[in-house]
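Peer 1: Okay, handing you the structure first.
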Amino acid sequence: GALTIAGGSDVESLSGRIGNSGFTSTATVTGSGSTWTTTEELSVGYNVNGALFIQNGGTVTAGGTVELGSFNTGVGTATVDGAGSSLVAAGIAVGYTGQGTLNVINDGDVTSDANVVLGRASASVGTA
């Protein structure tokens, strides 16, 4: 499945999972004023492939940890691309218990209130 938040739209949720229970998924937040806000964690690649794209001034804010690649089968990628594009989280785990990649390009911005952890578990892989 795919989720696109664009044109200055706002989405608010308790938590979020991009790629869950065997379904590969993508989410794109694009354009100035377009936002996705979660109160708790945001998992990208929960137990399958998942990808999050934040671009052209979009913003994603997670009240909990952003987990890129959960469980040993999870592969999660987040890309923050362009000036004004931002990912803000309470914490970030790149390779939470699976494989994760964080790409920050073209003046994108990432802010974590706590640690940014690469490869949180013994078998996980994190790349930033």
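Peer 1: Only one of (1) assigned to a strand (DSSP E or B); (2) open to solvent by 20 Å² or more (accessible area, probe 1.4 Å); (3) in contact with a Phe, Trp or Tyr (Cβ under 9 Å, 6 or more places away or on another chain) is not met by Phe53, so which one is it?
Peer 2: Here Phe53 meets the rest and fails (3).
Peer 1: What residue, among those in segment 77-103 that are more than 18 Å from Gly50 (Cβ to Cβ) and among the hydrophobic types (A, V, I, L, M, F, W, C), is surrounded by the fewest Cβ atoms within 10 Å (Cβ to Cβ)?
Peer 2: The selected residue is Ala83.
Peer 1: Under 7 Å between Cβ atoms, which residue pairs at least 6 apart in sequence (or on different chains) link something in segment 77-99 that is without any contact (Cβ under 8 Å) to a residue 24 or more places away in the chain and closer than 22 Å to Ala121 by Cα with a partner that is of a type outside the set (S, T, N, Q) and surrounded by fewer than 24 Cβ atoms within 10 Å (Cβ to Cβ)?
Peer 2: So the pair list comes out empty.
Peer 1: Among the residues of segment 61-76 satisfying the criterion of being small (Gly, Ala, Ser) and surrounded by 23 or more Cβ atoms within 10 Å (Cβ to Cβ), which is nearest to Ser25 (Cα to Cα)?
Peer 2: Among those that are small (Gly, Ala, Ser) and surrounded by 23 or more Cβ atoms within 10 Å (Cβ to Cβ), it is Gly76.
Peer 1: Given the criterion within 21 Å of Leu118 (Cα to Cα) and not in a strand (DSSP E or B), identify the matching residue among Thr73, Thr65.
Peer 2: Thr73
Peer 1: Thr30 versus (1) open to solvent by 30 Å² or more (accessible area, probe 1.4 Å); (2) closer than 20 Å to Gly1 by Cβ; (3) at pLDDT 95 or above; (4) more than 11 Å from the chain's Cα centre (by Cα): which is the lone unmet condition?
Peer 2: (1)
Peer 1: Next question. Condition first: over 22 Å from Ala114 (Cα atoms) and surrounded by fewer than 24 Cβ atoms within 10 Å (Cβ to Cβ). Now tell me which residues in segment 33-50 satisfy that.
Peer 2: Gly33, Asn47, Val48, Asn49
Peer 1: Which of the residues spanning segment 104-128 are at pLDDT 95 or above and surrounded by fewer than 17 Cβ atoms within 10 Å (Cβ to Cβ)?
Peer 2: Those that are at pLDDT 95 or above and surrounded by fewer than 17 Cβ atoms within 10 Å (Cβ to Cβ): Ile105, Asn106, Asp107, Asp109, Thr111, Asp113.
The values are calculated or read from the model by the stated rules, or taken from the named source; none is laboratory data. In this text the structure is predicted, and so the values were computed from the model without any measurement. We place every Cβ from the backbone using ideal geometry, glycine too, and count neighbours over all the protein chains shown. These accessible areas exclude ligands, DNA and RNA; they are computed on the full protein's heavy atoms, side chains included. Shrake-Rupley method; radii C 1.70, N 1.55, O 1.52, S 1.80 Å.
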